[in-house]
Structure formats: C-alpha cells, structure tokens
Amino acid sequence: MVDLFCDHVLVKNNKDQDELDTEREIVLRLQNRILMLFFACAESETCQQFAPTLHDFFKKLTDEFYVERSAQLVLLYISLDQSEEQLENFLKELPKKSLFLAYDDPYRRELEAMFHVEELPTVVVLRPDCSVLIPNAVEEIIRLGPDCYQNWHEAAELIDRNFLITEDFQDKSMRSFSDPVRRLKYKVEDEKKKNKDKKQACTDDREAEANDKDDGRSLW
C-alpha cells in the first residue's frame, strides 16, 4: 500500500489541507488498512448523488460517535475534475478525515489507467498489500452500507479487528464486560483452593508420620 504512494503527496481534507509528504507519515496513515480509492468528478450527477452515501458510510465506520474505535479504513479521493475549483467544491461533500491528491498531480490519471476505471463514480477497494479486493464497490456500499466493511475486513486479513459499531456495543450483555473480572476472580479462588489443599495435604502427612512414630514407640 505504502509503495503505491511513497513518492507522492497525500493531502488531508481539512481546513488547512495538511500534507502527508514523508514516507513515515504515509506509512502511519496507510499501513495495515483497507484503502478506498474514490474516482469521481463534480460534473457527474451520479457522483453528486453518491457522495452523501459515501460520506455517511465512511463516517459511521470511523467517527467515534458511531464506533468504539475507528475502522482500519482510508478514503482517498482521486479527482477526475476538469478544474481545481471543481475539485475544491466536491471536497466539501466528502468526510474531513478523507485524503486526496492535488489537482496538479498527474498521478491521478495514472491511477485511473492503472485500475481500469471506466465509469464514475468508482470505488476501488484495496488490501494492505495493494491487491484489488473489489474493483468497484459503489453498488455494495449503496446496498449494504457499513455492514459490507465486515466482509472486506475478513477478506483483507487485517492484523487486528479494531472497531465495534455502537448498536452492537449496546446490544451486548453487560455480563460480557465483567467476564475478564470473573475469570480473574475464579482464577484467584482456584489458586487459593489449590494452596489450601496443599497445606491440608502437608498437615495430613505430618500427622500420619507422627502417628507412625508413636505406633513404633508403643511396640517397645
């Protein structure tokens, strides 16, 4: 994943449009994550209609209001706009946590050719090793919403599952939160019982040995 962008500048879609222009910054942002390459342009009515759906999809998987921990997911906008002004306007429809390539970066068109983008919008979903997981996930995102991330996560074989949708979190029995405590309690109690049994066994052995000595003396 990192190799795909290590020689390029990724820009944050925030107010200051901060740049990720070092390999270390790019590694920290992309490593062990699923990457969504969003190819679109402001002039396309279909792209305009899809943008709110994608915004909601990404937000529900990465915003702490909806999840306990953010999904291992990165959204990168690959603009195919005809002007920088169009790009800037379309960025307003995208999440603040998303990234994009600058308008004057020719790599935008290289990526378009590399992933054989033939229609807009297109969302190419990549595994951490840069292999294509889904050539175009637009229909899946529209149909399944955030639920489809679970399938992506498992198929991509990410190292750690690190998100929990709030609804699932609320549905879990409160007993689950006490499981580690209860396991520790039972472990401690088991240890105490084992130690008690050992002490009792030692006491029994000493008493038996004393009785044997007494029996021996009685013979004389």
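Please go through the stretch 140-154 and pick out each residue that is over 14 Å from VAL125 (Cα atoms) and exposed (fewer than 14 other Cβ atoms within 10 Å of the Cβ).
Within the stretch 140-154, ARG143, ASP147 meet the criteria.
Could you tell me how many of the residues in the stretch 1-57 are out of contact with any Lys or Arg (no Cβ under 9 Å at 6 or more places or on another chain), under 16 Å from LEU91 (Cβ atoms) and free of Cβ contacts under 8 Å to residues at least 24 places away in the same chain?
Looking only at that region, the number is 2.
Here is a yes/no grid of residues against (1) open to solvent by less than 40 Å² (accessible area, probe 1.4 Å); (2) among the acidic types (Asp, Glu); (3) closer than 18 Å to GLY145 by Cβ:
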position: GLU19; (1), (2), (3): no, yes, no
position: LEU30; (1), (2), (3): yes, no, no
position: ILE34; (1), (2), (3): yes, no, yes
position: PHE39; (1), (2), (3): yes, no, no
position: SER44; (1), (2), (3): yes, no, no
position: PRO52; (1), (2), (3): no, no, yes
position: ILE78; (1), (2), (3): yes, no, no
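Among the residues of the stretch 106-127, is any farther than 23 Å from THR46 by Cβ, acidic (Asp, Glu) and without any contact (Cβ under 8 Å) to a residue 60 or more places away in the chain?
Checking the stretch 106-127: at least one residue is farther than 23 Å from THR46 by Cβ, acidic (Asp, Glu) and without any contact (Cβ under 8 Å) to a residue 60 or more places away in the chain.
Just give me the residues in the stretch 73-86 being farther than 21 Å from LYS59 by Cβ and either in contact with a Leu (Cβ under 7 Å, 6 or more places away or on another chain) or not in a loop (DSSP other than H, G, I, E, B) (or both), in sequence order.
LEU80, ASP81, GLU84, GLU85, GLN86
With the requirement that a residue be within 19 Å of ILE134 (Cβ to Cβ) and not in a loop (DSSP other than H, G, I, E, B), what does the stretch 100-117 give you?
Answer for the stretch 100-117, where residues must be within 19 Å of ILE134 (Cβ to Cβ) and not in a loop (DSSP other than H, G, I, E, B): LEU111, GLU112, ALA113, MET114.
Taking GLU84 as meeting all but one of (1) more than 20 Å from ASP18 (Cβ to Cβ); (2) at pLDDT 95 or above; (3) surrounded by fewer than 18 Cβ atoms within 10 Å (Cβ to Cβ), write down the number of the exception.
All conditions are met except number (1).
The values are calculated or read from the model by the stated rules, or taken from the named source; none is laboratory data. What you are looking at is a predicted structure, and each value in this text was computed from that prediction instead of being measured. Quick reminder, even Gly has a Cβ in these numbers, built from the backbone with ideal geometry, and neighbours come from all protein chains shown. Only protein heavy atoms, including side chains, enter the accessible area calculation; ligands, DNA and RNA are left aside. Shrake-Rupley method; radii C 1.70, N 1.55, O 1.52, S 1.80 Å.
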